[in-house]
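K.L.:
This is the structure, below, for whatever I ask next.
The values are calculated or read from the model by the stated rules, or taken from the named source; none is laboratory data. Source: prediction; values computed, not measured. Using ideal geometry, Cβ is built from the backbone for each residue, glycine included, and neighbour counts are taken over all protein chains shown. What goes into the accessible areas is simple: the full protein's heavy atoms, side chains included, and nothing from ligands, DNA or RNA. Shrake-Rupley method; radii C 1.70, N 1.55, O 1.52, S 1.80 Å.
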Amino acid sequence: MTVFAALVVAAAAIAAAGPVLLTRAGRTRLDPVALLIGWVGALAVLGLLTVLAIVALVLPLHADYSVTTAFGDCWSLAVHGTVPQGRRATGAALAALITGAVVISGVRCVFVLTRRRAVATLHCDRIRLVASPATRDGRVWCLEHNAPLAFAIAAPSGGMVVISRGLQNLLAPSELAAVLAHEHAHLRGRHHLIVAITEVIGQVLRPIPLCRQAPSAVRELVEAIADGAAARRHGAATVRRALLQMAAAQSVHQWSETAGRGPALAMATTSTSARARRLQLPAASRGARVRHCGTVAAATALGSAATVALAALVVSAISCPAF
């Protein structure tokens, strides 16, 4: 019972404190890839602790006394003050309830991800019907539309970048090349998949603070990562000019921020001012970016281990009287 309780307490602590710490880290000059590792790592640790808690709940402690039995003992003592003969059934029922909730959440995640994948394929097929290829390899398509649009869609049949005639008329060739580099960075980094997974987790497990706040944070971070990739190739000033011009023009055309949601990642629909400020900062070297990523990964792993150890100490100190 102590192991199960410690894992639950640790998971609750990470779910509550994780977004606070990661949000504060986001206000520093940490590389966005490192921050993305922090968010994804925290979600992964939360999932791992949940699985381990279920395992600890159903595995026997010894031949005739399992954690499910202990769970039933603690519940009965707390509610009735005694341990009835049906304690095993009570513990097993609670274990089945928790396991069922996790399984249902997992099935919902798979269903929604599968549906989003089908929608992305449908969007690609429709764009090929109404747009014309802008490059010989067929990876960039142009829409005859006056609004300055640029977004990437990842699909099983192959991703594509979509731009509009209005964007071509708005930007200089160097700025247009920077926008294309930004969108191709989304496809190379599989940012659509990362965003889709976190958004599904946020929908299914919305009451959990970490899961609820992760989607918006991850979406902002993948945009910053794509900005960085484009800046290293075409210059931060060029990317910033393109971003600000697109944001200003889209506001005139009343282009909604919802354009960057769903299966597409659009260039100028997420945290434009914050991204423009980040592009004004001195670019970090490759070595610094690697160190940032290593530091965040190590901090996530060590912090999670320390949280579990501290939770075990707390639970042991106030252990259930059934033991």
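K.L.:
Would you call A230 touching an Asp or Glu at 6+ places or on another chain (Cβ under 8 Å), in contact (Cβ under 8 Å) with a residue 12 or more places away in the chain, of a type in the set (A, V, I, L, M, F, W, C) and open to solvent by less than 10 Å² (accessible area, probe 1.4 Å)?
P.N.:
Values: touching an Asp or Glu at 6+ places or on another chain (Cβ under 8 Å): no; in contact (Cβ under 8 Å) with a residue 12 or more places away in the chain: yes; of a type in the set (A, V, I, L, M, F, W, C): yes; open to solvent by less than 10 Å² (accessible area, probe 1.4 Å): yes.
Judged against the criteria, A230 is not a match.
K.L.:
Here's another thing I want to ask about it. Would you be able to tell me the number of residues in the range 120-161 that are closer than 26 Å to M246 by Cα, of a type in the set (V, I, T) and not in a strand (DSSP E or B)?
P.N.:
Qualifying residue count for the region: 3.
K.L.:
If you take the residues in the range 42-58 that are open to solvent by 20 Å² or more (accessible area, probe 1.4 Å) and under 28 Å from H191 (Cα atoms), which one is nearest to the chain's Cα centre (by Cα)?
P.N.:
L43
K.L.:
Among the residues of the range 147-197, how many are surrounded by fewer than 16 Cβ atoms within 10 Å (Cβ to Cβ) and under 18 Å from R128 (Cα atoms)?
P.N.:
The qualifying residues number 3.
K.L.:
In the range 1-40, how many are open to solvent by less than 60 Å² (accessible area, probe 1.4 Å), outside any helix (DSSP H, G or I) and of a type outside the set (D, E, K, R)?
P.N.:
Within the range 1-40, residues that are open to solvent by less than 60 Å² (accessible area, probe 1.4 Å), outside any helix (DSSP H, G or I) and of a type outside the set (D, E, K, R) number 2.
K.L.:
Taking only pairs six or more apart or across chains, which ones have beta-carbon atoms under 6 Å, a first residue in the range 290-308 that is surrounded by 12 or more Cβ atoms within 10 Å (Cβ to Cβ), and a second residue that is outside any helix (DSSP H, G or I)?
P.N.:
H292/L30; H292/D31
K.L.:
Condition check: surrounded by 15 or more Cβ atoms within 10 Å (Cβ to Cβ), more than 23 Å from the chain's Cα centre (by Cα) and either part of a helix (DSSP H, G or I) or modelled with pLDDT under 80 (or both). Does A70 satisfy that? So that I can check it myself, show each step before the final result.
P.N.:
Working: surrounded by 15 or more Cβ atoms within 10 Å (Cβ to Cβ): yes; more than 23 Å from the chain's Cα centre (by Cα): yes; either part of a helix (DSSP H, G or I) or modelled with pLDDT under 80 (or both): yes.
For A70, the condition - surrounded by 15 or more Cβ atoms within 10 Å (Cβ to Cβ), more than 23 Å from the chain's Cα centre (by Cα) and either part of a helix (DSSP H, G or I) or modelled with pLDDT under 80 (or both) - is met.
K.L.:
So, restricting to helices (runs of 4 or more DSSP H) that lie completely within the range 163-259, which ones have at least 3 residues that are farther than 23 Å from L36 by Cβ?
P.N.:
165-170, 173-188, 236-252
K.L.:
Of these, T99, T50, which one is modelled with pLDDT under 75, closer than 19 Å to L205 by Cα and touching a helix residue (DSSP H, G or I) at 6+ places or on another chain (Cβ under 7 Å)?
P.N.:
The match here is T99.
K.L.:
Condition check: modelled with pLDDT of 90 or more and either open to solvent by 70 Å² or more (accessible area, probe 1.4 Å) or of a type in the set (A, V, I, L, M, F, W, C) (or both). Does L221 satisfy that?
P.N.:
Spelling it out, L221 is indeed modelled with pLDDT of 90 or more and either open to solvent by 70 Å² or more (accessible area, probe 1.4 Å) or of a type in the set (A, V, I, L, M, F, W, C) (or both).
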